[in-house]
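The values are calculated or read from the model by the stated rules, or taken from the named source; none is laboratory data. Note that the structure is predicted; figures quoted are calculated from it, not measured. Glycine also receives a Cβ, built like all others from the backbone with ideal geometry; neighbour counts cover every protein chain displayed. What goes into the accessible areas is simple: the full protein's heavy atoms, side chains included, and nothing from ligands, DNA or RNA. Shrake-Rupley method; radii C 1.70, N 1.55, O 1.52, S 1.80 Å.
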Amino acid sequence: QVQLVESGGGLVQAGGSLRLSCAASGSFFSINFMGWYRQAPGKGRELVAVISKGGIANYADSVKGRFTISRDGAKNTVYLQMNSLKPDDTAVYYCNAQLQATYWGQGTQVTVSS
């Protein structure tokens, strides 16, 4: 089993920045991919960014150039640095970890005011 605990969400004005963190704990050898998804009110869950164990990152087009995903393998933690935030970025952000199974965090609210 893997537990994911997110932190760092909150309320910020448009143009501001936030940094999300997600720490994984439990019984596992390594995590193949860690990433962030988000779900806005009335919409489906969408991929924001994902990073491999080797550090290769992929981003949704809507966040490229504004968000940066990074990973600390020793701490089993993934980060999402979000800059130049827009009201459209308002959503619940979920951490995701892919091992032999897929695990989700409980979600953290990000609200961007205009």
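Rolling a 1.4 angstrom probe over the protein heavy atoms, how many square angstrom per residue are accessible across the chain?
Heavy-atom accessible area per residue stands at 53 Å².
If you keep only loop residues by DSSP, which trypsin sites (Lys or Arg not before Pro) in region 1-52 have at most 13 other Cβ atoms within 10 Å of their Cβ? Please list the in-between numbers first.
Numbers: sites: R19, R38, K43, R45; in loops: K43.
Counting only loop positions with at most 13 other Cβ atoms within 10 Å, the trypsin sites (Lys or Arg not before Pro) in region 1-52 are K43.
Take every DSSP beta bridge with both residues inside the chain and express the antiparallel ones as a percent of the total, to the nearest 5. List each step's numbers first, then the result.
On the way: 41 of 45 bridges.
In the chain, DSSP labels about 90 percent of beta bridges as antiparallel.
Based only on Cα atoms, what Rg/Rh ratio does region 7-114 have, Rh being taken as Kirkwood's radius?
Values: Rg = 13.3 Å, Rh = 13.9 Å.
Rg divided by Rh gives 0.96.
Can you tally the net charge around A24? Count Lys and Arg as +1, Asp and Glu as -1, for every other residue whose Cβ sits under 14 Å from the Cβ of A24. Mind showing how you got there, number by number?
Details: positive: K53, R71, K75; negative: E6, D72.
With Lys, Arg at +1 and Asp, Glu at -1, the net is +1.
Evaluate the distance, in nm, between pseudo-label points positioned 7 Å from the Cα of R66 and of V5 along their respective Cα→Cβ axes.
Spacing of the two 7 Å Cα→Cβ label points: 3.0 nm.
Pop out the carbon and sulfur fraction of the accessible area of region 9-114 as a percent, whole number, probe 1.4 Å. The partial results should precede the final answer.
Values: 2690 of 5550 Å².
Answer for region 9-114: carbon and sulfur cover 48 percent of the accessible area.
For K53, list the lysines whose Cα falls under 22 Å from its own Cα; do not include residues on the same chain fewer than 8 positions away.
Within reach: K64, K75.
Which aspartates and glutamates have a Cα less than 16 Å from the Cα of K86, not counting those fewer than 8 places away in the same chain?
Straight-line reach from K86, under 16 Å: D61.
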